[in-house]
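The values are calculated or read from the model by the stated rules, or taken from the named source; none is laboratory data. This one's a predicted model, so the numbers in the text were calculated from it and none came from an experiment. With ideal geometry, Cβ positions are generated from the backbone for all residues, glycine too; neighbour counts draw on all protein chains shown. What goes into the accessible areas is simple: the full protein's heavy atoms, side chains included, and nothing from ligands, DNA or RNA. Shrake-Rupley method; radii C 1.70, N 1.55, O 1.52, S 1.80 Å.
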Amino acid sequence: MRATLSVAIATLLSAAVLSTSGHAAAAQPTTRIPDKAMATAAQLRETALASDLGYRITESLTTEVGPRMAGSEADARAVAWAVAKFKELGFDKVWTEPVTFPKWERRSESARVLGVSAQPLHLTALGGSPAGTVEGEVVRFADLAALEAAPAGSLAGKIAFIDYKMERARDGAGYGPGSRVRSKGPSAAIRAGASAYLMRSAGTDSHRNPHTGITRFDEGLTPIPSAALAVPDADQLARLLARGPVKVSVALDCGWDGEYTSANVIGEIRGASKPNEVVVIGGHLDSWDLGTGAIDDGAGVGLTMAAGKLIGNLKQRPARTIRVVAFANEEQGLYGGKAYANAHVGDLHKHQIGAESDFGAGRIYEYSSSAPEHAKQADEQIAQALAPLGIAYVPGKGGPGPDIGPFAEKGLAWARLAQDGSDYFDLHHTPDDTFDKIDPKALAQNVAAYAVFAYLAASAEGSFGSEPKVEAGK
Ligand SMILES: [Zn+2]
């Protein structure tokens with residue numbers, strides 16, 4: 001009896017899986033992708049590989065709009081471009097959703113070594129930096145920890161310089177520490193009393209192109225002019241410092257100027273039988289102002305628009321709707337991603353899964369997702385359809401793309417199509433981020449991967465586990 005009783009209880013328990021909402025939920029049926037859809041995906045994959053649509057869309061954005069920093073006049077042109085492009089491509093429904101954020105402007109910037117070795121230095125202001133002209137002796141630190149260890153006030157009237165060399169990696173792992181030098185360095189410099197902050201660019205190239213990017217100032221601190229030196233200029237400054245004290249003049253004219261309202265631009269390819277359920281793919285529409293935003297992130301917008309369009313061209317549409325989102329202002333704080341998550345939290349349960357491309361135009365080499373147990377079979381089917389593209393299956397690895405992150409935190413299922421970023425940080429946030437850097441064949445492989453992924457996820461019978469997360473204590 002006891003045995004039979006405990007077996008009965010065990011079966012009951014296994015049938016009732018505690019959902020994130022804490023309520024016992026019936027075991028989810030296994031999600032499966034019909035064989036017919038798998039066959040269509042194979043054809044779609046070949047069609048996409050042979051198409052240059054993603055390349056042409058990226059060319060259009062980076063050429064006709066060019067640099068499109070959030071809040072600049074080009075921001076509005078980029079939004080208009082995306083609306084017109086979705087319509088030109090024949091998306092069934094196109095609309096915009098407002099995204100408001102503080103506006104930062106860059107006007108001019110320069111720096112010089114003063115004294116016996118007087119010469120210009122190539123640099124760029126970090127996003128969020130205040131304006132200012134500062135002359136002072138430079139104090140070099142090998143990394144962020146070294147500057148954070150500098151005693152309070154020890155850099156009074158001086159310029160702090162972090163000369164940290166970012167590492168190259170296919171998965172971009174070096175950007176973690178590299179971007180922390182950018183986001184946390186200025187506050188550490190202020191705590192030590194510095195009047196300005198310089199850093200070796202968070203980049204892996206050796207070109208005389210400084211890498212910009214957003215920085216932050218901790219609450220309660222008075223911001224100081226903060227900029228990134230081109231890698232060769234960081235080396236030059238380090239060599240000069242090895243020879244003796246160096247004085248530098250830094251002159252930045254930039255700063256915050258009120259608020260700006262841009263928009264997420266959304267285009268839909270309507271599903272056949274479950275049109276109210278959506279698969280979200282996308283990239284961010286904004287770029288920094290130094291280059292034309294080709295690898296960051298014109299390629300992401302171009303390849304996901306093309307993937308949606310190629311699915312729309314199919315005789316038989318998938319069950320669910322393909323929703324392509326061109327997110328506003330990713331660079332200065334994921335504003336578009338956060339706005340999308342807030343605007344759609346109410347219909348999260350209608351979102352099958354989401355994936356964002358925001359890591360250049362290199363070939364995709366890995367696929368993974370947040371698929372729970374009941375969706376593993378469908379996830380494997382997607383991986384199977386991606387394998388001929390040279391994409392390995394690494395279940396559960398990594399996380400969602402930047403703009404999908406905020407919605408994933410609320411419960412959206414995510415997928416990750418990891419791109420080879422071995423040379424991404426040679427160009428990232430520099431004047432060199434231009435269309436000529438994109439390999440059309442590699443971009444076509446991305447379009448094929450996103451088209452196959454989105455089509456199969458939209459065709460699946462069952463879910464991928466998107467479910468509103470109940471915030472702790474609610
Ligand atoms: Zn980006």
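Structure data summary
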{"quantity": "Reach of Lys184 by Cα under 20 Å, taken over aspartates and glutamates that are not fewer than 8 positions away in the same chain", "calculated": "Asp143, Glu148, Asp163, Glu167, Asp218, Glu219, Glu330, Glu331"}
{"quantity": "D (Stokes-Einstein, µm²/s), Kirkwood Cα radius, region 73-147, 1.002 mPa s at 20 °C", "calculated": "123"}
{"quantity": "Computed lengthening from Asn342 to Glu167, 0.36 nm per intervening residue step minus Cα-Cα distance", "calculated": "59.5 nm"}
{"quantity": "With at most 14 other Cβ atoms within 10 Å, longest stretch of the chain clear of loop GluC sites (Glu not before Pro) (DSSP)", "calculated": "220-470"}
{"quantity": "Full-extension gain in nm, Ser108 to Ala152, via 0.36 nm per residue minus C-alpha separation", "calculated": "12.8 nm"}
{"quantity": "Portion, in percent, of the accessible area of the chain that falls on carbon or sulfur, probe 1.4 Å", "calculated": "54"}
{"quantity": "Computed helical MRE - 222 nm, the chain, DSSP H runs ≥ 4 contributing -39500 (n - 2.57), nearest 500", "calculated": "-10000 deg cm²/dmol"}
{"quantity": "Chain lengthening between Val116 and Ala39 when straightened (0.36 nm per residue, less Cα-Cα)", "calculated": "20.6 nm"}
{"quantity": "Overall dimensions of region 109-256 by Cα: Rg and Dmax, Å", "calculated": "13.8, 43"}
{"quantity": "Accessible surface of Lys184 - all protein chains present, 1.4 Å probe, nearest 10 Å²", "calculated": "100"}
{"quantity": "Mean separation of Cα contacts under 8 Å (6+ apart) over length of region 109-256, as relative contact order %", "calculated": "38"}
{"quantity": "The chain: proportion of alpha-carbon pairs further apart than 28 angstrom, %", "calculated": "54"}
{"quantity": "Above-threshold pairs, the threshold being 21 Å between Cα atoms, out of Lys85/Lys410; Lys274/Lys315; Lys165/Lys338; Lys93/Lys376", "calculated": "Lys85/Lys410; Lys165/Lys338; Lys93/Lys376"}
{"quantity": "Label zone at Lys441 (point 7 Å along Cα-to-Cβ), backbone N below 15 Å, region 334-364", "calculated": "362-364"}
{"quantity": "Antiparallel content of DSSP bridges confined to the chain, in %, to 5", "calculated": "60"}
